[in-house]
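Novice: Just passing along the structure, written as structure tokens.
Any read-out appearing in this document is the output of simple, stated calculations on the displayed coordinates, not a laboratory observation. All values reported here derive from a predicted model rather than from experimental measurement. So basically every Cβ, Gly included, is an ideal-geometry build from the backbone, and we count neighbours across all protein chains shown.
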Amino acid sequence: MRRALSAALATVVVSGGIVVGTAAPAFAACDQSGTFYSILNKKTVWKNTNVHSDWARPGVTISYAKNKTGTWTATGTATVGADAGVIFAKASTSFSVAVGKSWSQSDTWTYSATVQKKTGKSRGRLMMQHEAKSFTAHKYRVSTGAGGACKATTIYKANIVAPVKKSSNLWGIEYN
């Protein structure tokens, strides 16, 4: 211990420095202060779109072939308001796939499936779901607090579900 301390002092003296206490002065600012965003609680979810067949009874095979524009819009964006662009860009980087406020695609959708018997359900229909990303957008400000310590203040946390921009869909039967 004594040898390590001597070596450290010798290095300081040789380099022309002066040994002082390590406590930060009260006027020192945080290394990184300002406003920041983070993306938390990330997961992939599938959300119903506006593309679906008519209802059918159990045992019926539904064939769906229609030229239609599939759409789905993000939820939870009202809280983030003007920050939406920044949040979607940050989320896109975090998920490694482009997400945005809405998704829309025109195509001819062609699928078929048989409605199964389900307890308490009398009908089913083909339903297209679109891939979306669910996450919590956290906006916070870092500033210098009492004694020079950094402090983070939450501006908001918003739960958002945003569609991916690519065409990533899943078909299944919705029962009612």
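Novice: What does the convex hull of the alpha-carbon atoms of the range 119-176 project to on average, in nm²?
Specialist: Over all viewing directions, the range 119-176 projects a mean Cα-hull area of 7.4 nm².
Novice: Expressed as a whole percent, how much of the Cα-Cα distance distribution for the range 29-114 exceeds 15 Å?
Specialist: More than 15 Å apart: 72 percent of the Cα pairs in the range 29-114.
Novice: Beta carbons within 10 angstrom, averaged per residue: use that to sort the peptides 140-149, 125-134, highest first.
Specialist: So the peptides 140-149, 125-134, ranked by packing, come out 125-134, 140-149.
Novice: Counting Lys +1, Arg +1, Asp -1, Glu -1, what net charge surrounds Asp107 among other residues with beta carbon under 14 Å of its beta carbon?
Specialist: So the surrounding residues net to +3.
Novice: What three numbers, in Å, describe the spread of the alpha carbons of the range 33-176 along their principal axes, ordered from the longest?
Specialist: 72, 34, 23
Novice: Place a +1 charge on the Cβ of each Lys and Arg in the range 48-108 and a -1 charge on the Cβ of each Asp and Glu, then give the dipole magnitude about the Cα centre in debye, rounded to the nearest 20.
Specialist: Using only the charged Cβ atoms, the result is roughly 80 debye.
Novice: Viscosity 0.890 mPa s, temperature 25 °C: what is the translational diffusion coefficient of the range 81-154 from Stokes-Einstein with a Kirkwood Rh over Cα pairs, rounded to a whole number of µm²/s?
Specialist: The Stokes-Einstein estimate is 141 µm²/s.
Novice: Roughly how far apart, in whole Å, are the Cα centres of the range 74-145 and the range 152-176?
Specialist: Between the Cα centre of the range 74-145 and that of the range 152-176, the gap is 2 Å.
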